Each structure stands twice: as structure tokens, then as C-alpha cells.
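The values are calculated or read from the model by the stated rules, or taken from the named source; none is laboratory data. Keep in mind that what you see is a predicted model, and the values were worked out from it rather than measured. Cβ atoms come from the backbone with ideal geometry, glycine included; neighbour counts cover every protein chain shown.
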Amino acid sequence: MQHFKFYNKQDVLYFTRIRRFETKLGEQVKTPHSPAELGNLLTNPSIKYVIFGIPEDIGVRGNFGLGGADSAWSAFLASFLNTQSNDFLSGGEILVLGHFDFGDLKFLIEQHAHDSEEKLNAYRHAVITIDEEVEELVK
């Protein structure tokens, strides 16, 4: 998983707007202190949900789509982590792992593909790499 960036608590709190007398999900979610701690967290019975992002639009572009999906992850985090903690979803049962960063693949394609057909084929080929890395994390 060479393209995965694990989050720590500071990464999550960056997106969280802390207010007095309110507790946000971002203040309560769990994060791994290190990749080595991941196994312990995943076997923790209090963790019910694991969230990670795949902010890329390579697959979209490989299917003749318009780019822009790569910015959706940070928009989601800013909204989700600022949801108030409550009796139904406190945040302590959520593990926020991090996100994949495939920006280098996109950069290589943009810089080295000579025409739109070559770019399209390169995007489609890059999707294989993306799928393999995501599958490795999910397993």
C-alpha cells in the first residue's frame, strides 16, 4: 500500500471545528497511532465502522467522465467529522484510517501521455493499480 496515508488524531482534528459545549464526531473517532497498531484496532470489539478515502478521479476519466471526484473526500470529512456526537453515533465506534493518494499516477499520465487516446488507455491501466491497493487494504 505505497499510496496510503494513515491518519493520526491531528489529521482528523484539522477538519474538526471544536466548539465549547459541543462534542463532534471528529473529537471522538479513533485513529491508528501507527500502521503497526492497525491490527489491534481492527480486533477491538468497540470498533464497528472503518472509514478510509479514495480521493481520485482516474477511474472517472478512464470512462470518459469529467474529473473532480478527487476533491470529494475532504469535503466529506469536513462535514462528517463536524457532526455532533449523539446517543446513536458517538464517534468512539468509528476508526478513521486515512486515504489513498494516487496523485503521482495522475501526474505521470498528464505529463507523459501524448494524446487523448493514450491518456485514456493510461487512466484505464492505472485503475488496475488502484484496485489492487484498495483490495490489499480491505482484505
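Just one of LYS9, LYS30, LYS48, LYS24 is under 17 Å from PHE80 (Cβ atoms), in contact with an Asp or Glu (Cβ under 8 Å, 6 or more places away or on another chain) and of a type in the set (Lys, Arg); which is it?
Values: LYS9 fails: in contact with an Asp or Glu (Cβ under 8 Å, 6 or more places away or on another chain); LYS30 fails: in contact with an Asp or Glu (Cβ under 8 Å, 6 or more places away or on another chain); LYS24 fails: in contact with an Asp or Glu (Cβ under 8 Å, 6 or more places away or on another chain).
Answer to the selection: LYS48.
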message: Could you check the stretch 44-64 and list, in sequence order, the residues that are at pLDDT below 95, of a type in the set (Gly, Ala, Ser) and surrounded by 12 or more Cβ atoms within 10 Å (Cβ to Cβ)?
response: GLY59, GLY62
- prompt: Are there any pairs with C-beta distances below 7 angstrom linking a residue in the stretch 18-35 that is over 15 Å from GLU93 (Cα atoms) and hydrophobic (A, V, I, L, M, F, W, C) to a residue that is modelled with pLDDT of 95 or more and in a helix (DSSP H, G or I), with the two at least 6 apart or on different chains, and if so which?
  reply: ILE18/GLU27
query: If we keep just the residues of the stretch 66-101 that are within 24 Å of LEU137 (Cα to Cα) and among the hydroxyl-bearing types (Ser, Thr, Tyr), which is farthest from the chain's Cα centre (by Cα)?
result: SER71
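If you go through the stretch 65-89 one residue at a time, how many are exposed (fewer than 15 other Cβ atoms within 10 Å of the Cβ), small (Gly, Ala, Ser) and in contact with a Ser or Thr (Cβ under 9 Å, 6 or more places away or on another chain)?
First pass over the stretch 65-89, keeping only residues exposed (fewer than 15 other Cβ atoms within 10 Å of the Cβ): 65-68, 71-72, 74-76, 78-79, 83-84, 86-88.
Those left that are additionally small (Gly, Ala, Ser): 65, 67-68, 71-72, 74-75, 78-79.
Those still in the list that are in contact with a Ser or Thr (Cβ under 9 Å, 6 or more places away or on another chain) too: 78.
The total comes to 1.
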- prompt: Looking only at the stretch 8-22, which residues are surrounded by fewer than 13 Cβ atoms within 10 Å (Cβ to Cβ) and of a type in the set (Asp, Glu)?
  reply: GLU22
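Provide a single number: the residues in the stretch 8-24 that are part of a helix (DSSP H, G or I) and within 15 Å of PHE52 (Cα to Cα). Even if it seems obvious, please write down each step before you answer.
Filtering the stretch 8-24 for residues part of a helix (DSSP H, G or I) gives 9-15.
Subset that is within 15 Å of PHE52 (Cα to Cα): 9, 11-12, 15.
Looking only at that region, the number is 4.
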message: So the check is Cβ under 8 Å with 6+ separation or different chains; which pairs have a first residue in the stretch 52-64 that's within 16 Å of ASP11 (Cβ to Cβ) and a second one that's acidic (Asp, Glu) and not in a helix (DSSP H, G or I)?
response: PRO55/ASP101
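Among the residues of the stretch 102-139, count how many are surrounded by 15 or more Cβ atoms within 10 Å (Cβ to Cβ) and in a helix (DSSP H, G or I).
Within the stretch 102-139, the first condition is being surrounded by 15 or more Cβ atoms within 10 Å (Cβ to Cβ), and the residues that meet it are 102, 105-106, 109, 113, 119-120, 122-123, 126-127, 130, 133-134, 137.
Filter once more, so that each one left must be in a helix (DSSP H, G or I): 105-106, 109, 119-120, 122-123, 126-127, 130, 133-134, 137.
Total meeting the criteria: 13.
Enumerate the helices (runs of 4 or more DSSP H) found wholly within the stretch 31-90, keeping only those where 1 or more residues are touching a strand residue (DSSP E or B) at 6+ places or on another chain (Cβ under 9 Å).
Working: elements: 38-42, 58-62, 72-80.
In the stretch 31-90, 38-42, 72-80 are the helices (runs of 4 or more DSSP H) which contain 1 or more residues that are touching a strand residue (DSSP E or B) at 6+ places or on another chain (Cβ under 9 Å).
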